[in-house]
Amino acid sequence: MPPAAHPLTAPLLAGNRRALAQAITLAESTRPDHEAQAQQLLAEVAGQGKQTVRVGLTGVPGVGKSTFIEALGVQLADAGHRVAVLAVDPSSARTGGSIMGDKTRMPRLTVHPNAFIRPSPSGGTLGGVTRRTREALLLCEAAGYGVVLVETVGVGQSETQVAAMTDLFVLLTLHGAGDELQGIKRGIMELADVCVVNKADTDPAAANRAQSELTAALSLLTLHSAVWQPRVLQVSSVSGAGVGSVWEAVQAYTATVDIPAKRRTQTAAWFDELLREVAWRSFLERTDSAALARLRAEVLEGKLTPVQGVKALGGFAASVDV
Ligand code: GDP
């Protein structure tokens, strides 16, 4: 007899918000029985969702992320899309929620019947937070949310992680005294499929300059063979001007790029990453940590080369091929 379906599966697939919130809570739990249930649920709802769009979004604090998400989200939700907003913020463990912790950040979207907003899972490493957000994303899709926005703060490694779980990545920037390029880490520029110059209403001339500079910078970063040339757009999240053009860029992107292929590559990379993590943990569990530390010290002192050091592991750990 096949095992019974998880009790949350049916209401989740029917789009029940309470079931979705409970499912995400289950996926965030570190209790082994919860984890098993969450994995059962995820397996049962896999591939059941209709076509969806996953948009990653970043920008330094104050750039206007919540204002922009509120403007775009309400526009989409009013047009009948079901919109979910998630966040990756590993610092929320320390600050008690520096991102998405405060529902008043998006007052209209929070109460919109077509929207679902979930704060960043708190606690744990970036890897842990990323995994839980990734699973929350899949659960939102299963519940019929066709647009998922994943927000992150413009610090640390979280952008790379968000880009690895979304179809395209939007970078929010500001126009400024010519320093907008220096303020943005090159690595983040390289992730951007769409770049938004926000607060264009405050200084239209500066916004124009920033748009040209960013367009030039991005065209240098992009390979000529690339299928997609990143777009730079101007927006006022407060008035809503230009917000529609960002959605048009998202649609153009998904019409141009092979999204199913991109998602398969992302899933394969996620599997490999988990595998490395598990293999590393199990290696450490089976290994004498003091001996490992001595070996590392000998390599640092130049007594052994790194290859000799790793080969010497064979004496006290599972044998290793280098
Ligand atoms: P976040 O930290 O990136 O989420 O930034 P917020 O969305 O909280 O915005 C920071 C401040 O900038 C708030 O006072 C917003 O009202 C303001 N703001 C955001 N977008 C715009 C915009 O397009 N124009 C103007 N004038 N102000 C904006």
Contact order normalised by length for segment 1-46, with contacts defined as Cα pairs under 8 Å and 6 or more residues apart; what percent is it? 42 percent
How would segment 1-46 be classified by its alpha-carbon gyration tensor: rounded, prolate or oblate, with rounded meaning a/c under 1.5 and the a/b versus b/c comparison settling the rest? oblate
Identify which of V83, V45, V153 has the largest mean-square fluctuation in a Gaussian network model of the chain, with springs joining Cα atoms closer than 10 Å. V45
Please compute the contact order of segment 49-257 in relative form: average sequence separation of alpha-carbon pairs under 8 Å and at least six residues apart, divided by the residue count, as a percent. 25 percent
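Accessible area of segment 49-257 with a 1.4 Å probe: how many percent of it is carbon plus sulfur? Don't skip to the answer; put the middle values down first.
Values: 4710 of 8420 Å².
So the carbon and sulfur contribution to the accessible surface is 56 percent.
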Rounded to the nearest 0.05, what FRET efficiency is calculated for L221 and F271 with R0 set to 25 Å and r the Cβ-Cβ distance? 0.30
Who wins for biggest fluctuation among G59, G144, G15 in a Gaussian network model of the chain, springs between alpha carbons below 10 Å? G15
Sparse-neighbourhood loop hits (chymotrypsin sites (Phe, Trp or Tyr not before Pro), segment 206-258; DSSP loop; Cβ within 10 Å at most 16 others) -> W228
Which far-off residues, 5 or more places away or on another chain, put their amide H under 5 Å from the one on T222, with H placed in the peptide plane? none
Working note, the chain: Cα radius of gyration (Å, one decimal) and Dmax (Å, whole number) are 22.3, 69
Relative contact order for segment 269-319 using alpha-carbon pairs under 8 Å, separation at least 6, rounded to a whole percent? 39 percent
Potential lengthening between A46 and F283 on full extension [0.36 nm per residue; Cα-Cα distance subtracted]: 82.2 nm
Amide H neighbours of F116 at under 5 Å, excluding residues fewer than 5 places away on the same chain, with H built from the backbone geometry, are V83, A84, V85
Output wanted: per-residue J couplings in Hz (rounded whole) for segment 279-295, from phi through Karplus 6.51 cos²θ - 1.76 cosθ + 1.60, θ = phi - 60°, x for Gly and Pro. 4, 5, 4, 5, 4, 5, 5, 8, 10, 6, 5, 5, 5, 5, 5, 5, 5
Amide H to amide H, which residues 5 or more places from L233 or on other chains are under 5 Å from it, using H placed in the peptide plane? C195, V196, V197
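Taking the highest mean first, how do the peptides 23-36, 277-290 order by number of other beta carbon atoms within 10 angstrom per residue? Show your work: numbers first, answer last.
Values: 23-36: 16.0, 277-290: 10.8.
The packing order, highest mean first, is 23-36, 277-290.
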Taking every pair of alpha-carbon atoms in segment 269-319, what share in percent sits in each 5 Å bin, from 0 to the bin with the longest distance? 5, 20, 23, 21, 16, 10, 5, 1
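The values are calculated or read from the model by the stated rules, or taken from the named source; none is laboratory data. Everything numeric in this text was worked out from a predicted model, so none of it was measured. Please note: Cβ atoms are built from the backbone with ideal geometry, for glycine as well, and neighbour counts cover all protein chains shown. Heads up: the accessible areas ignore ligands, DNA and RNA and are worked out on the full protein's heavy atoms, side chains in. Shrake-Rupley method; radii C 1.70, N 1.55, O 1.52, S 1.80 Å.
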